[in-house]
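Below is one structure, written out as structure tokens; comments come after it.
The values are calculated or read from the model by the stated rules, or taken from the named source; none is laboratory data. All of these numbers come straight from a predicted model, not from anything done at the bench. Heads up, the Cβs are rebuilt from the backbone with ideal geometry, glycines too, and the neighbour counts pull from every protein chain shown.
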Amino acid sequence: MKSTGISLRAMIYASLLGAITAVGAYVIIPLPPVPITLQTLFTALSGALLGGGLGALAQAVYILLGIIGLPVFAGGKAGLGVLFGPTGGYLIGFVAGAYLIGRLIDIKKEPGFAWIVFSMILGYAAIYLLGILQLMLVAKFTLAKALSVGLFPFLIGDALKILAATLVTMKLRNRIRWRTGRL
């Protein structure tokens, strides 16, 4: 009998990366209104290691944990209000970013360092696009203000996170792909 669903092992990996993203929310440098955290590092790893669909699922699990009231968002916040608040676009962006990273990496049979970095840069761009749009809408910031508080302070740290995520991906990708059934 052929299984057409997601394997239990794949669901465990998605849940684990969702939970690790929650842990990343507690490694925080509080900059108002958008803090610096390690969430994007684990979002990138979700997409890179699990693929687009499972990576997005991992981030959706993370968001659902926060929506139901577990204090997993940056600064120990929780609830649906965070999703609709000024920084909620970044959370939605985690799902889109993980999906995009995974899909782009899967385009190549054996993606190299540069392709993985490129894929992660585009995934981060999706996160920032959605985050900045929501900052502008909810906080009523101009584009210049949203960029100055919601993008520019993070670029150097994000470059380092992309480098770290790429190195981890290159080290673990074959083991994780085999275990999740990705080929």
- prompt: Just a yes or no: is a residue in region 44-61 crowded, with 19+ Cβ neighbours inside 10 Å, of a type outside the set (A, V, I, L, M) and more than 13 Å from the chain's Cα centre (by Cα)?
  reply: no
- request: Please go through region 1-36 and pick out each residue that is surrounded by 15 or more Cβ atoms within 10 Å (Cβ to Cβ), out of contact with any Phe, Trp or Tyr (no Cβ under 8 Å at 6 or more places or on another chain) and under 18 Å from I162 (Cα atoms).
  value: I28, P35
Region 2-36, residues that are within 27 Å of D106 (Cα to Cα), not basic (K, R) and not in a helix (DSSP H, G or I): S3, T4, G5, I6, S7
statement: Among the residues of region 72-87, the number that are in a helix (DSSP H, G or I) and either free of Cβ contacts under 8 Å to residues at least 40 places away in the same chain or polar (S, T, N, Q) (or both) is 4
task: Could you give me the residue pairs with C-beta distances under 6 Å whose first residue belongs to region 50-67 and is at positive phi, whose second residue is crowded, with 21+ Cβ neighbours inside 10 Å and in a helix (DSSP H, G or I) wherever it lies, and which are 6+ apart or on separate chains?
output: G51/G102
- line: Picked from region 131-174 (must be surrounded by fewer than 15 Cβ atoms within 10 Å (Cβ to Cβ) and polar (S, T, N, Q)), the residue farthest from G97 (Cα to Cα) is T142
message: When the residues of region 91-102 are narrowed to those that are within 13 Å of G51 (Cα to Cα) and among the β-branched types (V, I, T), which ends up surrounded by the most Cβ atoms within 10 Å (Cβ to Cβ)?
response: I101
query: Do we find that G85 is modelled with pLDDT of 95 or more, over 11 Å from the mean Cα position of the chain (by Cα), farther than 20 Å from G123 by Cβ and surrounded by fewer than 15 Cβ atoms within 10 Å (Cβ to Cβ) in this structure?
result: no
task: State whether the residues of region 143-153 include one that is part of a loop (DSSP other than H, G, I, E, B) and either touching a Phe, Trp or Tyr at 6+ places or on another chain (Cβ under 7 Å) or in contact (Cβ under 8 Å) with a residue 24 or more places away in the chain (or both).
output: yes
statement: Log entry, pairs with first residue in region 116-139 being outside any helix (DSSP H, G or I), second being surrounded by 18 or more Cβ atoms within 10 Å (Cβ to Cβ), beta carbons closer than 6 Å, six or more apart or on different chains, reads A139/P86
- request: Check region 103-118 and report whether any residue there is modelled with pLDDT of 95 or more, under 23 Å from V27 (Cα atoms), of a type in the set (A, V, I, L, M) and buried (at least 23 other Cβ atoms within 10 Å of the Cβ).
  value: no
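For (1) over 23 Å from L155 (Cβ atoms); (2) acidic (D, E); (3) assigned to a helix (DSSP H, G or I), each residue gets a yes or a no:
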| position | (1), (2), (3) |
| --- | --- |
| A48 | no, no, yes |
| G66 | yes, no, yes |
| L70 | yes, no, no |
| G89 | no, no, yes |
| I101 | no, no, yes |
| P111 | yes, no, no |
